[in-house]
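Engineer: Got a structure for you, questions after.
The values are calculated or read from the model by the stated rules, or taken from the named source; none is laboratory data. The model shown is predicted, which means the values in this text are computed figures rather than measured ones. Here the Cβ positions follow ideal geometry from the backbone for every residue, glycine too, while neighbour counts run over all protein chains shown. Only protein heavy atoms, including side chains, enter the accessible area calculation; ligands, DNA and RNA are left aside. Shrake-Rupley method; radii C 1.70, N 1.55, O 1.52, S 1.80 Å.
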Amino acid sequence: MDDVVEDMIVLIAVVIIGLVIASFAFSYFVPKISFSNAESLSNSMASSMSVSNGPLLVSGGEGSALFEAYDPSYNYNYTVIAFVEPSSYASSVGLVTPSTPTTSSSFQVIMPNGKVASTVNVGTVYSLSGTILVTSGVGYTVPANTPFTVKIPANSGDILVVWFLYQEDGYTFRVDYAYSGVPS
């Protein structure tokens, strides 16, 4: 009888240890797989979209420019973040990140009907290669294939950088970006 009890205790211990190891493995691998899938979908989306933009028109310390993200196969929303940088950053605009988190008062997105787009809090934003670009901010929700105007405090000689963000599986990726400078 003692052998049966000992065997049961050993069997229960082995099952518990196996469950603990399996739960650690799942907690490690599942987020990695989820991130990898979201990154792959974001890369696919980025390859099929194109962004068009107009010049940055500056008057009285305020700049505005027209943008549109076009993707015939995508009919949902993007999140947009915008910020200004000196025009000397134009050659490396893909590497530039906002120096401070974006806020709803730092820029506005105006839709074709004249209304301000809805704001949304943005957490960590990843590049398409998986590196962290920013950790917080506020963006605006815009529908795909619809032009919109960005209004932002700007000076002559600034460039307006706009990021297009896509969220998948709880991860946010910058799928494209554009910039507008002052027309010459």
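Engineer: Consider Val116 carefully, then state whether it is of a type outside the set (D, E, K, R) and within 17 Å of Pro55 (Cα to Cα).
Structural biologist: no
Engineer: Only residues in the stretch 42-60 that are more than 17 Å from Pro72 (Cα to Cα) count as the first member; pair them with residues that are in a strand (DSSP E or B) and open to solvent by 70 Å² or more (accessible area, probe 1.4 Å), Cβ under 9 angstrom, at least 6 apart or cross-chain, and list the lot.
Structural biologist: Filtered contacts from the stretch 42-60: Asn53/Leu66; Asn53/Tyr179; Gly54/Leu66; Pro55/Leu66; Leu56/Tyr179.
Engineer: Which condition does Ile81 not pass, out of (1) surrounded by 13 or more Cβ atoms within 10 Å (Cβ to Cβ); (2) in contact with an Asp or Glu (Cβ under 8 Å, 6 or more places away or on another chain); (3) within 24 Å of Glu62 (Cα to Cα), if it passes all the others?
Structural biologist: Failing condition for Ile81: (2).
Engineer: Follow-up. Only one of Ser180, Ser87 is open to solvent by 50 Å² or more (accessible area, probe 1.4 Å) and in contact (Cβ under 8 Å) with a residue 60 or more places away in the chain; which?
Structural biologist: Ser87
Engineer: Scan the stretch 167-174 and give yes if some residue there is touching a helix residue (DSSP H, G or I) at 6+ places or on another chain (Cβ under 9 Å), within 21 Å of Phe35 (Cβ to Cβ) and assigned to a loop (DSSP other than H, G, I, E, B), otherwise no.
Structural biologist: Yes: the stretch 167-174 contains one or more residues that are touching a helix residue (DSSP H, G or I) at 6+ places or on another chain (Cβ under 9 Å), within 21 Å of Phe35 (Cβ to Cβ) and assigned to a loop (DSSP other than H, G, I, E, B).
Engineer: Ok, one more. Restricting attention to the stretch 36-53, and to residues there that are modelled with pLDDT under 85 and hydrophobic (A, V, I, L, M, F, W, C), which single residue is most open to solvent (accessible area, probe 1.4 Å)?
Structural biologist: Leu41
Engineer: Quick test of your reading of the structure: Glu62 fulfils all but one of (1) of a type in the set (D, E, K, R); (2) modelled with pLDDT of 90 or more; (3) surrounded by 16 or more Cβ atoms within 10 Å (Cβ to Cβ). Name the failing condition by number.
Structural biologist: (3) is the only condition that Glu62 fails.
Engineer: Within the stretch 90-115, can you find the residues that are β-branched (Val, Ile, Thr), open to solvent by 20 Å² or more (accessible area, probe 1.4 Å) and assigned to a loop (DSSP other than H, G, I, E, B)?
Structural biologist: Hits for the stretch 90-115 are Thr97, Thr100, Thr103.
Engineer: Shifting gears a bit: Does Ser118 qualify as being open to solvent by 40 Å² or more (accessible area, probe 1.4 Å), among the hydroxyl-bearing types (Ser, Thr, Tyr), free of Cβ contacts under 8 Å to residues at least 24 places away in the same chain and under 19 Å from Ala69 (Cβ atoms)?
Structural biologist: Criteria met by Ser118.
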